[in-house]
Every structure is written in structure tokens, then in C-alpha cells.
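Here's the structure, in C-alpha cells; my notes come after.
The values are calculated or read from the model by the stated rules, or taken from the named source; none is laboratory data. Predicted model only: the values in this text are computed from it and were never measured. Note that each Cβ is placed from the backbone with ideal geometry, even for glycine, and that neighbours are counted across all protein chains shown.
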Amino acid sequence: MSRSIEESTNELAGYGLMPSPNDQRQIVDAQHDIFKQEVTLNMGPQHPSTHGVLRLLIDLEGEIVTKITPDPGYLHRGMEKLGESMFYNQFIPYTDRMDYIAAFTSEQAFVIAVEKLLGVTVPERAKYIRVVLAELQRIASHLLWLGTHVMDIGAITVFLYSMREREAILDIFESYCGARLTLNALRVGGLPQDVPPIFKEKVREFIDGMPAHLAEYNGLLAENPIFLRRIKGIGVISAEDAISFGLTGASLRGSGVNYDVRKAAPYDAYDRMEFDVPLGTTGDVYDRFLCRMEEMNQSLRIIRQALDQMPDGPVMTDDVHIAIPSRDATMSSIEAMQRHFIITLKGFTAPAGEIYAGIESPKGELGYYIVSRGGSIPYRVHVRAPSFINLGAIPHMAEGEMIADLVAVIGSIDIVLGEVDR
Amino acid sequence: MDDKQQEKPGSATADSISQEIEALAVRKLAEKFPGLVEEVIYFRGEITVLIPKDKVIEVCTFLRDDPDLRYNMMKDMTGCDYPEREQRFEVIYQLYSLPYNQHIRVKARVGEDEPMPSVTLLWHAAYFQEKEAYDMLGIKFVGHQGLRRILLPEDWEGYPLRKDYPLEGYH
């Protein structure tokens with residue numbers, strides 16, 4: 001004789017082994033109520049998905065985020081105050097540590113700002129080498145962004161693949177300046193030393209092998225239905241809002257606004273480089289993802305051109321008041337040794353005035369506003385940190401999304417807390 | 001930015017195209033707000049305009065919305081401390097026009113306990129940046145929808161970027 005489910009349930013309920021049908025109904029109703037529960041959740045500062053020490057206060061209604069309050073400042077080190085207490089060249093290692101993922105562009109912004117203030121021209125070879133190193137740094141930063149962003153979403157494989165590529169770039173940096181992460185690879189007026197002879201070969205080897213790796217990542221992600229479901233239509237910001245929030249970089253271009261500092265206000269040798277600027281259409285996480293992936297491709301193109309066009313010549317300006325003389329000159333000429341001493345111990349003097357200069361760092365427009373009152377120490381150094389400003393748009397982008405989508409949105413903004421907090 | 005002219009600060013030579021067009025902003029400001037601009041500085045191809053703080057919102061709205069100027073992005077906003085002045089703080093806005101690719105810097109001076117108008121209704125970017133200026137310098141922005149410390153802990157005393165705050169701090 002077959003029995004219905006109801007009969008079996010009632011029998012088991014009679015023995016106390018299952019909730020009675022009435023209790024079952026109450027349990028199911030309570031579970032539905034959770035979707036209306038209002039909770040304030042604290043995310044961070046220690047959290048694997050916030051990409052650093054970022055604290056977010058999230059008001060939730062069930063799974064939907066109703067309000068986000070970012071609470072940065074856990075990595076605040078007083079960089080702007082420190083900038084008021086040392087010579088211009090001495091501040092360069094501090095700039096490394098702000099955007100520590102892309103230290104070269106972090107330094108480059110400061111150095112270019114000081115060069116603008118001083119009115120100093122950098123020799124051509126130095127400009128091209130800076131372009132190569134900056135684009136390598138852009139690829140390295142985007143690789144780290146890619147690995148961590150998709151790992152947060154769940155595609156864990158890609159992380160170590162992108163780290164493998166990043167290792168090659170860090171080796172190239174090590175061959176140039178001895179450091180992998182915090183480089184101290186620039187000086188005001190040019191570069192401290194020329195690149196080693198093996199540099200061009202190593203870079204060419206890297207950029208020749210890179211397209212295959214980019215194809216690997218695209219093969220894993222670009223048409224992956226799970227990945228697309230997680231990021232399409234999430235975290236949308238319109239072009240108007242993006243401009244009002246002061247977004248820059250891929251976060252702005254994902255919304256379709258064609259603004260890239262390398263095109264708008266070219267610095268170093270970018271005015272001689274031919275490259276495209278990828279733009280999105282809808283301003284969602286997917287468009288920002290595509291922008292950054294294509295930017296890596298375009299960086300390879302720029303590096304190839306810069307290597308081909310690189311002239312020979314000096315790598316440091318010949319302005320004797322600014323340039324620290326080379327080791328050969330210092331050891332053989334008394335004037336050079338005197339200059340070396342004076343510039344190292346007393347710094348070079350800048351004219352009085354204030355300037356703002358920005359570059360296209362992988363995170364967005366990184367700018368420096370420097371006020372000088374003459375003398376060798378700046379009066380005010382203000383960092384226009386793209387990560388800090390882009391963070392301000394997180395509430396706008398992620399309110400109304402589910403909490404799992406919030407993680408995708410944070411990754412798509414590509415923030416580094418060293419820059420947010422300075 | 002690679003145009004490194006050896007200009008003296010304060011000189012008004014407009015020999016680059018960008019200076020001519022940026023001088024348009026100065027001309028239009030002089031037309032719309034006669035006698036308001038206190039100082040104009042050209043230096044290294046940049047233009048700085050000093051205005052009184054009470055007119056910040058009107059001037060910035062004009063710069064943002066005028067069809068010939070369209071400074072629609074506030075790239076950066078910060079403060080600076082000049083303790084020897086009567087109005088010790090200076091609030092500096094770096095504005096940028098995306099359609100015309102032009103920059104302008106607008107400055108306004110404000111004293112220690114004076115209220116400073118907030119531009120959060122003009123640009124969303126001001127929300128975080130005014131918080132930081134308050135946190136670091138103690139400039140009080142009126143009209144901000146939640147002026148609290150952002151980088152330092154809420155119970156921090158003192159404003160570190162002031163010149164009378166020691167580099168090593170007090171603790």
C-alpha cells in the first residue's frame with residue numbers, strides 16, 4: 001500500500017522526528033522574513049575582498065544594500081605632511097608607497113609635476129624609457145587587478161596566471177633599479193641611470209609572449225556565462241554622474257567618456273605614440289573590465305613603438321643645478337663632486353609658484369598640486385589620488401545591488417588603499 | 001605639459017593657445033562678475049583665479065554651466081594653510097573642462113573659524129574631498145551633508161596639515 005508524503009510526515013511528526021505541518025509553515029515564513037530584515041554590516045578593515053584595509057558600513061535589507069558608508073583611513077601615513085618636510089628628490093620613495101601596486105607611475109606623477117614647476121626639460125631617451133617602464137607598470141597593475149577582481153568573483157584560477165606574468169615584469173624592473181615593488185627609479189630631471197644592455201631584449205621577450213597570455217585570460221573569462229552573469233549590468237554609473245564624481249581612468253571610460261591624460265595632455269613621449277583608448281558603453285562592471293583588458297593590449301603596442309623609436313643619448317637633464325652627476329663624473333671631476341654634495345645635502349631650489357600636473361596612472365588620473373615658496377622644500381604637496389576620488393562613487397554604484405555584487409563593484413573600481421589614505 | 005617655458009610667476013604672457021583660450025575664462029568672469037576676481041596668475045601655462053569665498057558657488061556654477069567654458073569636472077579640491085595671513089586658509093579647486101580640454105584653478109581664502117560654502121551640490125566629487133579638507137585643516141564647509149573626519153579617527157584632536165601642528169604629532 002503506497003502512502004502519501006503527508007501521511008508519512010504526520011507519522012514522523014507524531015514521533016517528534018519532524019516538525020509538524022503547522023511548524024513547517026512557520027519555519028518557511030520566518031525564512032522569507034529574513035529577506036526583509038534590516039541589518040548594518042561591517043565589512044573590513046580586514047577583509048580579503050576590500051583590496052586593502054578598507055572599512056565599509058553596509059546597511060542591508062535582506063540581501064540588498066541600501067546604504068554604504070566607506071570609512072577609509074586605516075592606512076593613513078601623513079604623506080602630504082611629510083612632503084612639506086623634505087627635498088623634492090627625497091620625497092620620491094614616499095610616492096612609491098602610496099600606489100604600491102604601480103609604483104613607477106606613482107613616482108612619475110610627482111616627478112613630472114616637479115619638472116613642470118622647475119621648467120626643466122627631460123632628455124629624449126629618458127622620455128622613451130619612462131614610457132616603456134610606465135606601460136610595463138600599467139600592465140603589471142592591471143594584471144594584479146585582474147587576478148584579484150576575478151578571484152573575488154570566484155574565478156580563482158586566473159589569479160596565479162596573472163601573477164606569473166607579473167613576475168616577468170617585476171624581474172625587468174629589478175634588472176633596472178634593483179627593486180621589484182617600491183622602485184625609487186626616477187629622479188627629477190630624468191633617470192638616475194641608463195637601462196642595462198639586456199633591457200630591450202627582456203622587454204621584447206615579454207611583449208612577444210604577452211598576447212598569448214591575454215588570449216588565455218580572455219578564453220577563461222570573456223565568454224564564461226557565470227562570469228558574465230556576475231558582472232553584466234552591475235554597478236552601473238552614467239557618464240554624467242561619473243564626471244560629477246570626478247572619476248578618471250577605466251572607471252570613467254567604462255561609461256563612455258573619452259578622457260585619457262596620455263591623449264589630452266601628453267607627457268613624456270606619449271605625443272609620439274599611436275594607440276587607441278578603449279571606451280565602454282553602459283558603465284557597468286563588465287565595461288570597466290573590458291576597458292582594462294584592452295588597455296593592456298594597447299600598452300603592448302606603445303611599448304613596441306617606444307622601443308623602436310628610442311634614441312641614444314643622456315638620460316638626465318644637463319641642468320647642473322638639478323641633475324645629480326653620474327658616478328664617473330663625480331669620481332673624476334672636483335666640480336661634479338661638489339655639485340653632488342650640494343644637491344644631495346641641500347637639494348635644488350624651485351621657483352616660487354604653484355602647479356598642478358596629472359598623469360594617467362593605471363588607477364586613473366594621478367595628479368600632484370605643489371605649492372612652492374622658493375627654496376628646496378615644497379610648501380604644500382597635495383596628491384590627487386584617483387583611488388580616493390573613485391572610492392567616493394562606490395555608494396552611488398553599489399546601492400541597490402546585492403551584497404555579493406558589491407564585491408564585484410569594489411574590484412571594478414580598482415582601488416589601492418595606500419593611495420586612498422596616503 | 002611638455003611646454004616648459006621659462007616664465008616668471010605673475011607674468012601675463014599669453015603666447016600659447018591654451019593661455020589664450022583660458023584667458024577667455026578670465027574675460028567672461030570679468031564680464032559676468034565685474035570687479036570680483038581679486039587676482040589672476042599665469043604660471044607655466046596654467047591660470048589661477050582668486051575670488052572671495054562668498055561667491056564661490058556662483059562663480060563655480062557659472063564656470064560649470066556656461067556653454068563656452070563648461071568646466072564640468074572638479075578634478076581636485078584641497079586646502080592650504082598660510083598662517084601669516086589674516087584669512088589663514090586657502091581652498092583650491094582644480095576645474096577641468098572635458099569638452100574644451102582646459103584647466104583652471106579657482107582659489108578662495110577663508111579664515112580659521114569662518115564658514116566656507118560647500119560645492120557638493122555642484123559636483124559629487126566634493127563630498128569626500130571637503131571631508132578631507134575639514135579633517136586635515138579644520139575648514140568648516142557649510143551645506144555639506146555630513147562633515148566628519150574621514151581619514152583620521154573620529155576622536156582625533158587637532159588638524160595635522162596646519163603649519164602649527166608638528167610633523168611628529170603629539171602622541
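In the condition set (1) within 22 Å of residue A:415 (Cβ to Cβ); (2) touching a residue at least 40 places away in the same chain (Cβ under 8 Å), residue A:86 is compliant with all but (1).
Could you list, in sequence order, the residues of region A:57-76 that are in a loop (DSSP other than H, G, I, E, B) and facing another protein chain (nearest Cβ under 10 Å)?
Scanning region A:57-76 gives A:72, A:73, A:74, A:75, A:76.
In this structure, residue A:229 does not satisfy being in a helix (DSSP H, G or I) and under 25 Å from residue A:267 (Cα atoms). Residues in region B:134-171 that are facing chain A (nearest Cβ under 10 Å) and in contact (Cβ under 8 Å) with a residue 24 or more places away in the chain: B:135, B:136, B:160, B:161, B:162, B:163. Taking each residue of region B:101-117 that is free of Cβ contacts under 8 Å to residues at least 12 places away in the same chain and looking for partners that are surrounded by fewer than 19 Cβ atoms within 10 Å (Cβ to Cβ) with beta-carbon atoms closer than 6 Å, six or more apart or interchain, yields B:101/A:264. Taken across region A:194-210, residues that are part of a loop (DSSP other than H, G, I, E, B) and surrounded by 18 or more Cβ atoms within 10 Å (Cβ to Cβ) do occur, with at least one present. With respect to (1) more than 10 Å from chain A (Cβ to nearest Cβ); (2) in contact (Cβ under 8 Å) with a residue 40 or more places away in the chain; (3) buried (at least 20 other Cβ atoms within 10 Å of the Cβ); (4) polar (S, T, N, Q), the lone exception for residue B:61 is condition (3). Being of a type in the set (A, V, I, L, M), farther than 30 Å from residue A:374 by Cβ and touching a residue at least 40 places away in the same chain (Cβ under 8 Å) holds for only one residue in A:136, A:117, and it is A:136. Within region B:79-117, the set of residues being among the polar types (S, T, N, Q) and buried (at least 20 other Cβ atoms within 10 Å of the Cβ) comprises B:94, B:97.
For residue A:363, the conditions (1) touching a residue at least 40 places away in the same chain (Cβ under 8 Å); (2) within 9 Å of another protein chain (Cβ to nearest Cβ) are fulfilled apart from (2). If you go through region A:395-422, how many residues are surrounded by 23 or more Cβ atoms within 10 Å (Cβ to Cβ), within 10 Å of chain B (Cβ to nearest Cβ) and in contact with a strand residue (DSSP E or B) (Cβ under 8 Å, 6 or more places away or on another chain)? Residues meeting the conditions: 1.
Which fully enclosed strands (runs of 3 or more DSSP E) of region B:67-171 have 1 or more residues being touching a Lys or Arg at 6+ places or on another chain (Cβ under 7 Å)? Talk me through it step by step, then tell me what you get.
Working: elements: B:73-81, B:89-97, B:102-110, B:115-117, B:140-142.
In region B:67-171, B:73-81, B:89-97, B:102-110, B:115-117 are the strands (runs of 3 or more DSSP E) which contain 1 or more residues that are touching a Lys or Arg at 6+ places or on another chain (Cβ under 7 Å).
Which condition breaks for residue A:379 when tested against (1) more than 23 Å from residue B:130 (Cβ to Cβ); (2) surrounded by fewer than 21 Cβ atoms within 10 Å (Cβ to Cβ)? Failing condition for residue A:379: (1).
Among the residues of region A:155-173, is any among the basic types (Lys, Arg) and under 24 Å from residue A:98 (Cβ atoms)? Yes; the residues of region A:155-173 include at least one that is among the basic types (Lys, Arg) and under 24 Å from residue A:98 (Cβ atoms).
With respect to (1) farther than 30 Å from residue B:148 by Cβ; (2) within 14 Å of chain B (Cβ to nearest Cβ), the lone exception for residue A:31 is condition (2).
Being under 17 Å from the mean Cα position of the chain (by Cα), within 30 Å of residue A:146 (Cα to Cα) and assigned to a strand (DSSP E or B) is the requirement here; does residue A:359 meet it?
yes
The residues on offer are A:5, A:64, A:92, and the sole one that is aliphatic (A, V, I, L, M) and in contact with a Phe, Trp or Tyr (Cβ under 8 Å, 6 or more places away or on another chain) is A:92.
Selection of region A:97-132 for residues being assigned to a helix (DSSP H, G or I) and more than 14 Å from every other protein chain (Cβ to nearest Cβ) yields A:100, A:101, A:102, A:103, A:104, A:105, A:106, A:107, A:125, A:129, A:132. Exactly one residue out of A:174, A:124 is of a type in the set (Asp, Glu), farther than 30 Å from residue A:352 by Cβ and at pLDDT 90 or above, and it is A:174. Within region B:29-42, the set of residues being touching a residue at least 24 places away in the same chain (Cβ under 8 Å) and out of contact with any Leu (no Cβ under 9 Å at 6 or more places or on another chain) comprises B:32, B:33, B:42.
For region A:156-180, the tally of residues that are among the basic types (Lys, Arg) and closer than 24 Å to residue A:216 by Cα stands at 2.
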